[in-house]
1. Please determine whether any residue of region 42-63 is at positive phi, exposed (fewer than 13 other Cβ atoms within 10 Å of the Cβ) and not assigned by TED's automatic domain parsing to the domain that holds residue 126.
2. Please indicate, with yes or no, whether at least one residue in region 152-165 is assigned to a helix (DSSP H, G or I), in contact with a helix residue (DSSP H, G or I) (Cβ under 9 Å, 6 or more places away or on another chain), modelled with pLDDT of 80 or more and surrounded by fewer than 17 Cβ atoms within 10 Å (Cβ to Cβ).
3. Looking at region 123-151 only, could you name the residues that are surrounded by 21 or more Cβ atoms within 10 Å (Cβ to Cβ), touching a residue at least 40 places away in the same chain (Cβ under 8 Å) and under 12 Å from the mean Cα position of the chain (by Cα)?
């Protein structure tokens with residue numbers, strides 16, 4: 001079934017499952033930019049983000065038959081992309097178990113005034129891998145500490161601690177940049 005303007009998400013999935021290469025290309029084209037952004041935010045490396053994106057879409061097409069259509073296709077794809085990125089950085093980065101007492105303060109950080117997006121992006125990308133992954137997954141992607149802990153193979157307390165220290169480092173970096 002070739003992709004048309006009136007093709008629904010369900011039609012696109014069905015066409016991809018029928019190995020319609022044009023529909024598979026349309027699905028990839030529809031999600032590649034947003035998913036690349038997720039990959040890059042997590043990996044902080046252009047080449048690694050490209051590798052993750054490729055690996056994730058291979059997994060997406062292999063697993064498409066298992067998509068139960070209980071959520072949006074985009075949410076399902078994003079989950080696969082995030083998990084693929086995390087697996088990749090776990091091979092190269094280590095998370096540090098920190099004293100949970102340190103993170104007992106509130107998660108909220110008052111950034112004070114308006115921040116330029118470019119400064120904020122640079123500051124986030126300069127965070128150590130573990131801090132950056134937790135920060136992006138919680139603050140940008142909206143996952144909970146429990147979900148992040150499961151994805152990264154760390155405790156919920158470590159996720160909270162990593163976020164606390166990520167925000168602390170971000171504040172220091174942003175104050176220097178401003």
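The values are calculated or read from the model by the stated rules, or taken from the named source; none is laboratory data. Bear in mind that the values here come from a model prediction, so they are computed numbers and not experimental data. Positions of Cβ are generated from backbone atoms using ideal geometry, with glycine treated the same way; all protein chains shown enter the neighbour counts.
1. The answer is no; no qualifying residue exists.
2. yes
3. Across region 123-151, the qualifying residues are 132, 133, 136, 137.
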